[in-house]
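The values are calculated or read from the model by the stated rules, or taken from the named source; none is laboratory data. This is a predicted model, so every value here is computed, not measured. Cβ: placed from backbone, ideal geometry, glycine included. Neighbour counts: every protein chain shown.
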Amino acid sequence: MFSTMQDFPLTITSIMRYGTTVYDSCEVATVTDDGVRRRSYGEVGRRVGRLANALRRLGVDGDQRVATFMWNNAEHLEAYLAVPAMGAVLHTLNIRLFPDQLIYIANHAEDEIVVVDGSLIPLLARVLREMKTVRHVIVSGPGDRAPLADSGKELHSYEDLLAAAPETFDWPEEIDERQAAAMCYTSGTTGNPKGVVYSHRSMFLHSMSVCTGNAMGMNQTDKVLPVVPMFHANAWGLPYAAVMAGAALLMPDRFLQAEPLVKAIESERPTISGAVPTIWNDVLRYAREHGSDLTSLRLVPCGGSAVPESLMRGFDELGVRILHAWGMTETSPLASAAHPPIHASGDEAWRYRMSQGRYMCGLEVRVVGDGDVVLPSDGQSVGEIEIRGAWITGAYHKDEDPGRFHDGWLRTGDVGTVSPDGFLVLTDRAKDVIKSGGEWISSVELENHLMSHPDVLEAAVIGIPDEKWAERPLATVVLRADATATAAELREFLAGRVAKWQLPERWAFISEVPKTSVGKFSKRTLRDMYAAGDLEVQQPS
Ligand code: AMP
């Protein structure tokens with residue numbers, strides 16, 4: 001027998017201890033109304049100890065879910081570290097979800113505590129009473145608490161709790177690296193949102209992968225600006241990777257418009273910043289108009305939707321490199337990044353840069369065709385991309401959804417090719433959801449609402465390319481004989497049923513929804529018809 005290495009668990013506790021100790025003077029800065037406020041990682045470490053003690057006093061002594069309803073800021077980082085490090089489960093709530101979804105998610109996860117930014121109280125107040133398992137609400141930062149008063153929950157001030165708690169916490173030594181550390185729900189599927197549970201081990205390995213040179217090469221010379229929200233797939237793992245690598249953090253809080261972002265970039269000079277294409281499009285427009293200097297950025301990881309070539313070239317002209325990356329909430333999320341291989345130059349290098357990137361070591365990817373037949377990874381065969389690996393979810397929380405898992409592989413719902421050298425190119429999406437500005441819109445939900453209108457016989461909603469939002473819904477509708485509903489009336493009908501930003505702007509009346517051989521709506525045919533200009537599109541004002 002061989003003697004091998006020590007069995008040392010890979011945990012967030014160890015990331016937290018390491019980062020806040022050896023990079024004690026490293027800094028997290030948070031953008032505010034008047035400048036930035038700064039806190040050293042050492043200080044964060046002490047506050048994390050206080051937060052853990054405070055949570056323990058509120059009854060967190062196992063794998064209870066502690067939810068956050070927060071922007072990207074230093075306090076959210078503290079929750080990111082304290083909650084998993086003490087053995088509990090961090091549940092990041094997406095503040096942009098429709099109230100019904102938020103209520104469903106908090107109840108499904110059985111959240112017990114919610115930490116909320118004062119500026120988000122009005123949004124939380126709409127749903128808090130219905131969050132049945134929540135007992136305590138901790139308010140961070142200034143904000144009028146009155147709207148929470150009749151929620152039936154116990155309210156606390158974040159700073160008061162920390163001030164009253166000791167800074168040394170008895171961190172558990174024996175955390176099982178496979179135990180749940182955090183969870184995040186995705187609405188990028190049909191039906192109810194699905195809970196993805198991250199383990200300590202998956203987060204640790206994902207963070208290490210983010211730090212490798214073939215991903216972001218994050219290290220202690222970097223300053224990282226996560227614009228991608230910490231409530232969406234761990235802000236792409238940027239906060240944990242930064243603490244692991246000793247990279248400084250610049251948190252944008254609620255200042256996510258182009259102007260404050262550009263100003264923060266010019267004054268604080270971050271080196272890495274991740275956001276969806278919609279944000280960078282706006283930043284590019286603003287930077288061009290104002291001659292802004294973004295050159296401190298050495299790398300801009302961008303994904304969540306396909307990155308338009310014009311955006312990448314526009315950033316190149318400003319001396320900033322966009323790195324196209326792909327992933328999902330279910331993949332922690334970073335799964336691939338598009339660094340062209342060393343031999344590629346000119347147009348060939350651009351082709352690589354425009355791909356969804358080469359998948360990381362620790363993961364495996366394959367292409368699957370009709371009848372679940374595995375197709376060759378030859379860069380030609382098109383099928384659904386399936387993925388498995390150390391930071392890929394194998395099941396949803398309390399929700400079997402066997403349709404999404406296949407022999408231990410995750411069916412991504414993304415359609416495309418994989419080349420022999422490991423690059424993914426996405427050509428289509430099999431899942432019935434539309435991604436607009438980084439947030440999901442369920443086409444099925446829109447269709448169901450539309451088909452409940454007395455004038456509508458059939459309705460199929462597809463995602464179509466949009467310059468600003470990456471994708472927007474286009475509603476195609478078949479009216480019943482003699483029915484007279486107009487696009488404006490149908491839009492008005494939907495307005496009472498879904499969030500405003502989900503309402504389709506574009507409508508087409510058709511005589512029949514094209515069907516597949518098994519009688520399903522053929523969204524692909526509709527997309528092709530739209531691309532060929534065969535749909536008469538109206539835009540009611
Ligand atoms: P989410 O779980 O909300 O992060 O969404 C993941 C989904 O976003 C993927 O399955 C894709 O459909 C889409 N997506 C993410 N990155 C890209 C990309 N680089 N190109 C095209 N689609 C992407």
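For segment 370-398, filtered to residues that are of a type in the set (A, V, I, L, M, F, W, C) and outside any loop (DSSP other than H, G, I, E, B), the residue that is surrounded by the fewest Cβ atoms within 10 Å (Cβ to Cβ) is VAL374. Evaluation of ALA85 against the conditions (1) in contact with a Pro (Cβ under 7 Å, 6 or more places away or on another chain); (2) crowded, with 24+ Cβ neighbours inside 10 Å shows that the sole unmet condition is (1).
The residues in segment 131-172 that are under 30 Å from the mean Cα position of the chain (by Cα), in a helix (DSSP H, G or I) and over 14 Å from ILE121 (Cα atoms) can be counted, and the count is 3.
Any residue that is within 11 Å of the ligand (Cβ to nearest atom), at pLDDT 95 or above and farther than 27 Å from ASN94 by Cα - is there at least one of those in segment 371-387? So that I can check it myself, show each step before the final result.
Residues of segment 371-387 within 11 Å of the ligand (Cβ to nearest atom): 384-385, 387.
Checking which are at pLDDT 95 or above leaves us with 384-385, 387.
If we keep only those that are farther than 27 Å from ASN94 by Cα too, we end up with 384.
Looking for residues that are within 11 Å of the ligand (Cβ to nearest atom), at pLDDT 95 or above and farther than 27 Å from ASN94 by Cα, one finds at least one in segment 371-387, hence yes.
Being of a type in the set (Asp, Glu) and within 16 Å of the ligand (Cβ to nearest atom) is a property that GLU348 lacks. Within segment 351-363, the set of residues being within 13 Å of the ligand (Cβ to nearest atom) and among the basic types (Lys, Arg) comprises ARG353, ARG358. For GLN220, indicate whether it is within 21 Å of the chain's Cα centre (by Cα) and surrounded by fewer than 21 Cβ atoms within 10 Å (Cβ to Cβ). No: the conditions fail for GLN220. Scanning segment 461-490 for residues that are surrounded by fewer than 16 Cβ atoms within 10 Å (Cβ to Cβ) and among the charged types (D, E, K, R) gives GLU467, LYS468, ARG480, ASP482, GLU489.
Take segment 428-457 and flag every residue that is within 14 Å of VAL368 (Cα to Cα), without any contact (Cβ under 8 Å) to a residue 60 or more places away in the chain and of a type outside the set (A, V, I, L, M). Before the answer, list the steps.
Going through segment 428-457, the residues within 14 Å of VAL368 (Cα to Cα) turn out to be 428-430.
If we keep only those that are without any contact (Cβ under 8 Å) to a residue 60 or more places away in the chain too, we end up with 429-430.
Result: ARG429, single match.
May I ask you to verify whether ARG38 is of a type in the set (Lys, Arg) and over 23 Å from ASN219 (Cβ atoms)? Against the criterion (of a type in the set (Lys, Arg) and over 23 Å from ASN219 (Cβ atoms)), ARG38 does not qualify. Does TYR198 satisfy the condition of being within 15 Å of the ligand (Cβ to nearest atom) and more than 18 Å from ILE12 (Cβ to Cβ)? Against the criterion (within 15 Å of the ligand (Cβ to nearest atom) and more than 18 Å from ILE12 (Cβ to Cβ)), TYR198 does not qualify.
When the criteria are applied in full, ASP401 meets the requirement of being surrounded by fewer than 18 Cβ atoms within 10 Å (Cβ to Cβ), charged (D, E, K, R) and in contact (Cβ under 8 Å) with a residue 40 or more places away in the chain.
Looking only at segment 196-217, decide whether some residue is assigned to a helix (DSSP H, G or I) and aromatic (Phe, Trp, Tyr). For segment 196-217, residues assigned to a helix (DSSP H, G or I) and aromatic (Phe, Trp, Tyr): present. When segment 458-488 is limited to residues that are without any contact (Cβ under 8 Å) to a residue 24 or more places away in the chain and more than 33 Å from the chain's Cα centre (by Cα), the one that is farthest from ALA306 (Cα to Cα) turns out to be ASP482. Within this structure, VAL367 passes the test of being more than 14 Å from the ligand (Cβ to nearest atom), surrounded by 23 or more Cβ atoms within 10 Å (Cβ to Cβ) and within 20 Å of GLY403 (Cβ to Cβ). Within segment 411-443, restricting attention to residues that are touching a Phe, Trp or Tyr at 6+ places or on another chain (Cβ under 8 Å) and in a loop (DSSP other than H, G, I, E, B), the residue that is nearest to the ligand (Cβ to nearest atom) is GLY437. Are any of the residues in segment 162-181 touching a Phe, Trp or Tyr at 6+ places or on another chain (Cβ under 9 Å) and of a type outside the set (A, V, I, L, M)? Within segment 162-181 (the criterion being touching a Phe, Trp or Tyr at 6+ places or on another chain (Cβ under 9 Å) and of a type outside the set (A, V, I, L, M)), the answer is yes, since at least one residue qualifies. The set of residues in segment 184-194 that are surrounded by 23 or more Cβ atoms within 10 Å (Cβ to Cβ) and either closer than 22 Å to ILE12 by Cβ or free of Cβ contacts under 8 Å to residues at least 12 places away in the same chain (or both) comprises CYS184, TYR185.
Does GLY422 satisfy being closer than 21 Å to GLY327 by Cβ and assigned by TED's automatic domain parsing to the domain that holds GLN356? Here the answer is yes, as GLY422 does meet what is asked.
When segment 500-536 is filtered for residues that are in contact with a helix residue (DSSP H, G or I) (Cβ under 9 Å, 6 or more places away or on another chain), in a loop (DSSP other than H, G, I, E, B) and touching a residue at least 40 places away in the same chain (Cβ under 8 Å), the ones remaining, listed by number, are PRO504, VAL513, LEU535.
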